[in-house]
Structures are given as C-alpha cells and as structure tokens.
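A quick write-up on the structure given underneath.
Derivation of every value follows stated rules applied to the coordinates shown; laboratory data play no part. Here the structure is a predicted model, which means the values were calculated and not measured. We place every Cβ from the backbone using ideal geometry, glycine too, and count neighbours over all the protein chains shown.
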Amino acid sequence: MVVAEVMRRTWAMTWKDVRVELRARERMNAMLFFAALILFIFNFALGPDLSKLREAAPGLLWLAFLFTGMLGLGRSFQAERENECFEELLLTPGDRESLYFGKLAGNILFMVMAEMLILPLFAILYNLEIWHALPGLLLVAFLGTVGFSTIGTLLAAMTAHLRAREVMLPLLLFPLTVPVILGSVKATEALLSGAGLAEASHWVKLLAGFDVVFLVVCPLAFEFVLEE
Amino acid sequence: MGSSPIGRILRVMAGLCVAVGLYLGLVVAPPDVTQGEVQRIMYLHVPSILTAYVAFTATFIASVVYLWKRDPRADAVAVSSAEVGVIFTGITLATGSIWGKSTWGVWWTWDARLTLTAILFTIYVGYLMLRAFAEEPQAAARYGAVLAILGFFDIPLNHLAVQWWRTLHQPSSIVRPGGPSIDLALLVPLIVNFAGLLLLYAYYMVERIRLERMRQRALALRLTRGRRG
C-alpha cells in the first residue's frame, strides 16, 4: 500500500513536469538543438578524417549525451525557482522521496529521449556501424543516464538556490560522476568494437552498482536539500 | 588575530616534529638506490596525502553529525577540515608532480593513483565553492554536508573505476617507491613526518575552527540586529 502511494505521488510529479514540457517545449527543444550542434562541432574539432572520429566515437558519443543531459538537468528546477513555488512543492502531502523520484524520472525520460536522437544522428553523420550492438548500447545508455541523473537531480535541486547556479552544477556533477563517465565510455567502446556485452560486463556491473548506491543515498539526502 | 594557548602549543610541537622528520628524511636516511636524492620528496608526499585522508574523513563525520544534531560547531569542523584537506591534497599533487618529472620524465601521467587524487581534489574544491556561493549560512552548511556525504560514498566507486581503467587496458608504468619491504631508516622519518603533519593539521584546525565560530557569531549578531532595527 505504501509503495503504491509513493508510486502514485511520484507519477503525479513526473506527469506535472512532462505536461509542462508538452505545453512549453522549452527544455526538449533546447536539448535536441544543442545535441545536433555538438555533433556538428565534433567534425570541426577533429577534422574530416572519419577514421579518427570513429576511434574517438565512444567518448564523443558520451560527451554529447552528458552535455545535453547537463543542459536538461540545469532546467529541471527552473520552473519552480522562477515562479517561486518551491514552497508549494514542499507543501505537497507525503514524503519528500516521491518528489525526488518524480523529478528524477522526468530527468531520465528527457535525457533518454535526447539520446535516442543523438545515437542515430551520430551513426549517420559519422558513418558508424552501431546496429549490431544496439541492445547492449541501449542498456549502457540507460544505466549511465540513471547514474548521471540520480546525482544530477539532487545537485540541480541544491544549485537552484545558489548564485552562479549554471556554473556550479557541472563543477559539482562531473567529478562525482567520473565512475559513470568511465564505465559508460569503456562499455560503449567494448560494444562498438564488436566485443559483445560479456566483454563489457564488469563495466556494466560497475554502472549498475553506482546506480543502486546513489538511488539509495540521494533520496535520503534530498530531504536535507529541500528543507526551508 | 592572536593564537589560543592550545594553538601555540600545537604549533611549536608540529614545528619540532616536522623539523626532526625532515632532518631524518633529508639528511640521515640513505638516498634511494634507483631514484637517488629525489626520492626524499616522499617524506613529505606520503604524509601529506595521509593527512588529507584524515581531514576528509573528519569532514564526512562532522557533516553527518551536523545533519543529525544541527550543531553549528560540527559545521565549523567540517568546513575547516575540508579546507585543510584541500591544501594537503594540493601539496601531494605538487610534490608528486615534481617527483614524477624527475623519475618518469613527465609532470603528469594518467596513472590510477594520480587520477584518483586529482578527482578527490576537484570534489573538495567544488565543496568549498558550493559553500561560497550559498546565499545564507544555514544553506551553506546543509548543502556542504550533503555534498561531503555524497563524495564519501563516491570515492570507493571512483577508486574501482579508475583502477580498472588503468590496469585492464594498459600495463601500469608505476615505479614502485620503496619496494615490498621498507627499511627502518626510511620508515622512521615517514612516521615522524606524518605525526608532524597531523600536529600541523590539529593546529590549523584549532585556529580555523575558532575563526569559523567567530564568523558564525558575527553573522548571527548581524541577523538579530537587523531584526530589531
């Protein structure tokens, strides 16, 4: 019963964010356009040599994922802050965990949607063979996104109240998510080289472990971030 | 600002201890067979990082206590210890870099332990920046505590990831200082210096906590005055 209640509140929170997004389309538009631009810029950074680009592909792909994700995370408490309704958010009946999980689910959803555009676009633009490794890639992308977003959602709530919040979010988030970045890039590298999921299994386990640890720690910490 | 009596005692003890440790390390201990004189930087390098670990552990414990009891004294301990820890991590990176230049021929290499220390450094510099950018002191304390706890859980995962990253795909190029068994002539200066740096840490803590408490009181005074008039 308690679980069902938390799920219901979580869903209410996520649905609120999704509905705002469906009406305003601010966040998704910015993320998708930014993602396209960043893929475009890789070409200028590394030159027209496709073999060089392909060698760097796993890292570049994750740079595109993470920078785009960062853009989305930075916006995730923007509506509440701009309209000064953090207090109203806190007045929502029930525990704070469902607020956190609701925001988290929305952030994961938006980031995954952006990734689903980046991945094929990246493959097309740089003539990359990804289709053979697609199930593995999707799994790694999902685990990496969950890990990045668990800490990211918590830090976004925290930095929303700071001066210089746009700067502070990446400064805090990137050092803490080094295991996610390394794990995702290395697993993607193994998958793209055709080695299969077994070769990348220890990285996938690391990602899963990271997700589990911070899915437990972050909701608990969230209570302390939101209190007024 | 004058020192407190306990601060003065700690300062003298730390000075003596580090002086003896450095004398033992730089003069008495024999130079390393393969690395020569530059290996002596280890007598500062190793105790520095050990002291930094002690400092960050203290920050973690004080942060948990702060969130639990809401005692501003715990927060003063947390922020002071983080600051001193960052300085000792900085010393570790700098001395390690100098040692690396003369032993490996490069200032920096993406070796597992170096990378991990650099990550540690960035996490706690971020911690100090976060506190600086918070709009009110209570928020700084709460956010800082949350970040310190996140960082503490993050470090073992970082350790694992970086170890795998460096050992599974590339043979390690670490020149292991000291070898498997460390001679007493090398161990004694290390221990003396570690004790000295711990005393130095204690001295910095006493002074920095005192400063932080004054700052907290000054802020509280300003708030109550503002409310009255």
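What's the exposure ranking of A:HIS132, B:HIS45, B:HIS159, A:HIS161, going from fewest to most Cβ atoms within 10 Å?
Numbers: A:HIS132 12, B:HIS45 23, B:HIS159 16, A:HIS161 19.
Final ranking by Cβ density, sparse to dense: A:HIS132, B:HIS159, A:HIS161, B:HIS45.
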Exercise. Go ahead and run the numbers for FRET between B:ILE61 and A:ILE124, Cβ-Cβ distance against an R0 of 60 Å, rounding to 0.05.
Key: 0.70
Practice problem: Assuming R0 = 51 Å, can you tell me the calculated FRET efficiency for the pair B:ALA19 and B:LEU221, based on Cβ-Cβ distance, to the nearest 0.05? | Solution: 0.80
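I need the trypsin sites (Lys or Arg not before Pro) found in segment A:103-165, filtered to DSSP loop residues with at most 11 other beta carbons within 10 Å of theirs. It would help to have the intermediate numbers written out before the result.
On the way: sites: A:LYS103, A:ARG163, A:ARG165; in loops: A:ARG163.
When the trypsin sites (Lys or Arg not before Pro) of segment A:103-165 are filtered for loop state and at most 11 Cβ neighbours within 10 Å, A:ARG163 remain.
With 10 angstrom as the radius, rank A:CYS85, B:CYS17, A:CYS218 by how many other C-beta atoms surround their C-beta, starting from the fewest.
Ascending number of Cβ neighbours within 10 Å: A:CYS85, B:CYS17, A:CYS218.
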Quiz item: Applying the Karplus parametrisation 6.51 cos²θ - 1.76 cosθ + 1.60 with θ = phi - 60° to the phi angles of segment A:146-160, what ³J(HN,Hα) value in whole Hz is obtained for each residue in order, glycine and proline being reported as x?
Solution: 4, x, 5, 7, 4, 6, x, 5, 4, 5, 5, 4, 5, 6, 4
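Exposure proxy check: A:MET28, A:MET7 ranked by fewest other beta carbons within 10 Å? Walk me through the numbers on the way to the answer.
On the way: A:MET28 18, A:MET7 12.
Going from least to most buried by this count: A:MET7, A:MET28.
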Self-check item: Per principal axis, descending, Cα span of the protein assembly as shown in whole Å
Solution: 71, 68, 44
Quiz item: Suppose every K and R has +1 on its Cβ and every D and E has -1 on its Cβ; what is the size of the dipole of the protein assembly as shown about the Cα centre, in Debye to the nearest 20?
Solution: 1240 debye
Practice problem: Output the relative contact order of chain B, whole-number percent, from Cα pairs under 8 angstrom with separation of 6+ residues. | Solution: 37 percent
Practice problem: Express in whole angstrom the spacing between the alpha-carbon centres of segment A:76-154 and segment B:78-142. | Solution: 29 Å
Quiz prompt | Top positive-direction residue, dipole computed over chain A with Cβ charges, set A:CYS218, A:LEU197, A:ALA105 | solution = A:LEU197
Quiz item: Counting Lys +1, Arg +1, Asp -1, Glu -1, what net charge surrounds A:LEU73 among other residues with beta carbon under 15 Å of its beta carbon?
Solution: -1
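222 nm [θ] for the protein assembly as shown, helices only, -39500 (n - 2.57) per DSSP H run of 4+, per residue, to 500? Walk me through the numbers before you get to the answer.
Working: 17 runs with 366 residues, N = 457.
Roughly -28000 deg cm²/dmol at 222 nm, from the helical runs in the protein assembly as shown.
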Practice problem: Treating the angle as unsigned and between 0 and 90°, give the value, to the nearest 10°, between the Cα long axis of helix B:184-228 and the longest Cα principal axis of chain B. | Solution: 20 degrees
Self-check item: Degrees separating the helix B:42-69 axis from the principal Cα axis of chain B, which is the longest one
Solution: 30 degrees
Exercise. Would you mind listing how long segment A:1-135 runs along its three principal axes, going by Cα atoms, in whole Å with the largest first?
Key: 57, 33, 22
Practice problem: Calculate how large, on average over all directions, the projected area of the Cα convex hull of chain B is; give the answer in nm² to one decimal. | Solution: 15.0 nm²
Practice problem: Have a look at segment A:2-226 and give its Rg and Dmax from the Cα atoms, expressed in angstrom. | Solution: 17.9, 57
Practice problem: Please identify which residues in segment B:29-66 have an amide N closer than 19 Å to a label point set 7 Å out from the Cα of B:TRP104, following the Cα→Cβ vector. | Solution: B:34-50
Exercise. For A:LYS205, list the lysines whose Cα falls under 16 Å from its own Cα; do not include residues on the same chain fewer than 8 positions away.
Key: A:LYS186
Self-check item: Between 0 and 90°, nearest 10: helix A:96-125 axis offset from chain A longest Cα axis
Solution: 20 degrees
